Amino acid sequence: MEIERVNEFTIKFFITYRDIEDRGFDREEIWSDRERGEELFWEMMDEAHQQEQFPLEGPLWIQVQALDKGLEIIVTRAQMSKDGTKLELPLGDEKIDLPVDKNIEKILDQQFATDDSDIAEDIELADEDYLSFLLAFKDFEDMIMLSHNVDSTLFANSLYHFENKYYLYVTFNPETTDREQDDLLSQLLEYGADSDASIHRIQEYGKQIIAEHALEEVSTHFNL
């Protein structure tokens, strides 16, 4: 596999179909089996992280082009804006502000939906996608305070513990408006910090404490 670091935010892969098979994957299954496709993708990203120190954290935007001898994949990492209300996607000399977070599962779901793998795919962030956000808390008291001061019915949330920190994974309901999301993000960031950690790493190596309605459970069991 060839890895080219394009810039701080973008990396390019070229992987041959033979290389894919040598890694234990079938050429066809990476399109038809989402989990296997995701496994291959993160294996490639791990190599990019080790070889090029490309960060694995944050929402990703990918372009996949199926060529005669293999796949060309371009991965761009979006950045959270300084005020924590938008995602900034650097494309060339421009930055596009995005109200949503596209995680790898949704990227792969869209990729698997196509019947023609010979057509270049531009997987873009769409308005109907969900905004997901990972917050880190050094002190559980901050989590308790947040649980009593935010309306958690507007977003799904789960609680994890990893390397002496608490992590709250938030996914906004699709019905919430951009303004509501901005307001809620501002409230969340008063108590927790935007985390560079990957939710996939947290889920794999951390401990899940509360699977759903985490803030509601915390507020029920812990008083201010």
**OP:** Grab the eigenvalues of the alpha-carbon gyration tensor for the range 132-221, scale each by 5, take roots, and send me the semi-axes largest first in whole angstrom.
**Re:** 19, 14, 12
Original post:
Any idea what the relative contact order of the range 132-221 is, in percent, if you count C-alpha pairs under 8 Å spaced at least 6 apart?
Top reply: 45
Original post:
Lys/Arg Cβ at +1, Asp/Glu Cβ at -1, dipole of the range 132-221 taken about the Cα centre: which of Gln187, Gln203, Leu159 is farthest positive-ward?
Top reply: Gln203
Subject >> Net charge dipole size for the range 132-221 [Lys, Arg +1 and Asp, Glu -1 on Cβ; Debye, nearest 20] >> reply: 360
**OP:** Using the Karplus curve 6.51 cos²θ - 1.76 cosθ + 1.60 with θ = phi - 60°, work out ³J(HN,Hα) for each residue of the range 33-42 in order, rounded to whole Hz, and write x for Gly and Pro.
**Re:** 10, 4, 5, 5, x, 5, 4, 5, 4, 6
**OP:** Please report the relative contact order for the range 134-178, taking Cα pairs under 8 Å with a sequence separation of at least 6, and give it as a percent rounded to a whole number.
**Re:** 45
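Here, each number is a calculation from the coordinates, and none is a lab measurement. Since the model is a prediction, treat every value here as computed from it, not as a measurement. A quick note on method: Cβ atoms are made from the backbone with ideal geometry, for glycine too, and the neighbour counts reach across all protein chains shown.
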